[in-house]
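So the structure is just underneath, and the comments pick up after that.
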Amino acid sequence: MRYAVVGCGPMGAAAALRLAATDPEAELVLADRDPERVEEVAARLRAGTGAPVRTLVGDTGDAGFQRTVGGADAVAVALPWVAARPLLDRLVASGTAATGIGRPPDDGLAGLDEAARRGRTRLILPVGLEPGLTEILARRAAARLRGCEQLRIWCGGIPLNPRPPLNHLALYGDRLTITPRATWSVRGGVLVRVPRFGGLESVRVAGLGTLEAYDDGMLPSLVDDPVLGRVPEVSQKTLRWPGYAQKVRAFAECGLLDEQPRTVDDSRVAPRAVLDDVLAEHVRRRDGDVDVTLLHIRATGGGDEDFETATTTVVDRLDTDGLTSMARLTGFTLAACVRLLATGLPAEYGLHTPQEVFAGRHGDELLAELRAAGVQVTERVTAGRRPAEESLHHFALTHPDSNHPDPNHPDPNHPDLMETNA
């Protein structure tokens, strides 16, 4: 097989390392516009696995760059959506299968299904942690029930030891992902727009502390899914250390997230650029920083006497190779997807969602691979009487000093993780 990974930042590097580890005979093409970055990842691959690696330096808009990348059996695009979409258009036009981590705007996927069918190829989008793995596992949880009435999702990557002023780190370079955008919930079977950083609730994490959760992350296309689209109540929230959402809302209210330049002392400058520059030293990862990523999904449904609850919990942390947990979960999911595409799956040409492709056996294989890489994944289903009030939510977080590292067999005396005031 020949894979191409475009974008050698943390997520692309994690995907490339995983591809080399799981398919050591494959040829890898690493592409990036930064020569130092692409060579650094290539050197890690050659030293660690001996995998055959080629490097390509250039811009995604260059015809030569596109031709070389398009020669792969499948391409993983680890770029933001604005940079990824033109390359994806070129790849499908040339008949190359591709996937990517970029979060599209609400109408960002328009035209890609028709283009992929016309190019007789396949796209799987978007594929990362959120969106991507989150939707895969949400659909698995909902499908386990005879009828899912409510689906709640919490997901977030946070520093294990937060530092002020924001108690958060930039896990995608030096820029925080705080751009104002619409987010969504499903209430009474109706898709409704909700403000990002709203719907605040407190979450108690045993062994970690109290976090906050706010509305964020949900794609409106979720309602088009044949399983998830039938759930009448869906919420999706991001986890952070307390106070983060309030500070970001203050930035927005002051106009500091505005991308439009304004004149200051005869110079044109965007408020967001100034904010990013000021915050960079505070949110940039430093040696010794450890991140932990938590994903918890709770699906419920049934009658008073046969009430069912399906929960899924994913926990990961910075590994010994320096890959952040966010990079691992994003990159490893991306790698599994690009390998699947290279085998000619899914069979039908066009645009596919990750939760569609990784249903059933392929989903089982993905979770087995994540577990083999050290990611904690727990799936449970319980049944009984419908509770008079919504019960507290629990999942297990293992710390390095824990005596019980297996999340599937937690210590009954060890406090479980998650309880929320919602």
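The values are calculated or read from the model by the stated rules, or taken from the named source; none is laboratory data. Every value quoted in this text rests on a predicted model; they were computed, and no experiment measured them. Methodologically, a virtual Cβ is constructed for each residue, glycine included, from the backbone with ideal geometry; neighbour enumeration extends over all protein chains shown. Heads up: the accessible areas ignore ligands, DNA and RNA and are worked out on the full protein's heavy atoms, side chains in. Shrake-Rupley method; radii C 1.70, N 1.55, O 1.52, S 1.80 Å.
Which of the helices in the chain, when you take each full DSSP H run, stretch at least 24 Å along the axis at their Cα atoms and have an average Kyte-Doolittle score of -1.0 or higher?
Helices meeting the span and hydropathy rule in the chain are 325-342.
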Which one of P261, A63, L166 has its Cα pushed farthest toward the positive end of the charge dipole of the chain, where Lys and Arg give +1 and Asp and Glu give -1 at the Cβ? A63
Cβ-derived FRET efficiency at R0 45 Å, V190 paired with D277, nearest 0.05: 0.60
Using the Cα atoms of the stretch 105-154, I'd like the radius of gyration and the largest Cα-Cα distance, Dmax, both in angstrom. 14.5, 39
Unit charges on C-beta of K, R, D, E only; dipole of the chain, Debye: 520
Among A141, V127, L91, pick out the residue whose Cα is farthest towards the positive end of the charge dipole of the stretch 46-172, where Lys and Arg carry +1 and Asp and Glu carry -1 on C-beta, about the Cα centre. A141
What percent does the relative contact order of the chain come to when contacts are Cα pairs within less than 8 Å and at least six residues apart? 20
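Treat every Asp and Glu Cβ in the stretch 247-343 as -1 and every Lys and Arg Cβ as +1, leave all other atoms uncharged, and give the resulting dipole magnitude about the Cα centre to the nearest 20 debye.
Rounded to the nearest 20 debye, it is 300 debye.
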With Cβ to Cβ distances under 10 Å as the rule, what net charge do the other residues near R272 carry (K, R +1; D, E -1)? -3
Placing +1 at every Lys and Arg Cβ and -1 at every Asp and Glu Cβ, with all other atoms neutral, what dipole size does the stretch 105-147 have around its Cα centre, in debye to the nearest 20? 420
Hey, can you find the accessible area per residue of the stretch 239-360 for me, probe 1.4 Å, expressed in square angstrom? 42
Computed from the beta carbon distance with a Förster radius of 30 Å, FRET efficiency for V290 and E259 to the nearest 0.05 stands at 0.40
Going 7 Å from the Cα of S202 in the Cα-to-Cβ direction, what parts of the stretch 231-245 have a backbone nitrogen less than 13 Å from that spot? 242-243
Run lengths n ≥ 4 of DSSP H only: what is the helix-derived mean residue ellipticity at 222 nm for the chain, with -39500 (n - 2.57) per run over all residues, to the nearest 500? -9000 deg cm²/dmol
Run the 1.4 Å probe and let me know the accessible area of R44, rounded to the nearest 10 Å². 90
Given that just one value was derived from the coordinates, which of (1) 1.12; (2) 1.50; (3) 0.97 is Cα Rg over 2.2 N^0.38 Å? (3)
Can you list residues whose amide H is under 5 Å from H352's amide H, if they're 5+ apart or on another chain and H is modeled 1.01 Å from N? L123, I124, L125
Sort 29-40, 75-86, 338-349 by packing, meaning the average of other beta carbons within 10 Å per residue, with the highest value first. 75-86, 29-40, 338-349
List the trypsin sites (Lys or Arg not before Pro) in the stretch 160-206 that DSSP assigns to loop (not H, G, I, E or B) and whose Cβ has at most 13 other Cβ atoms within 10 Å. Which are they? R181
Roll a 1.4 angstrom probe over the protein heavy atoms and tell me the percent of accessible area of the chain that is carbon or sulfur. 50
Charge sum, other residues only, whose C-beta stays under 13 Å from A342's C-beta, Lys/Arg counted +1 and Asp/Glu -1: -1
Just the number please: accessible area per residue for the stretch 34-97, 1.4 Å probe, all protein chains included, in Å². 47
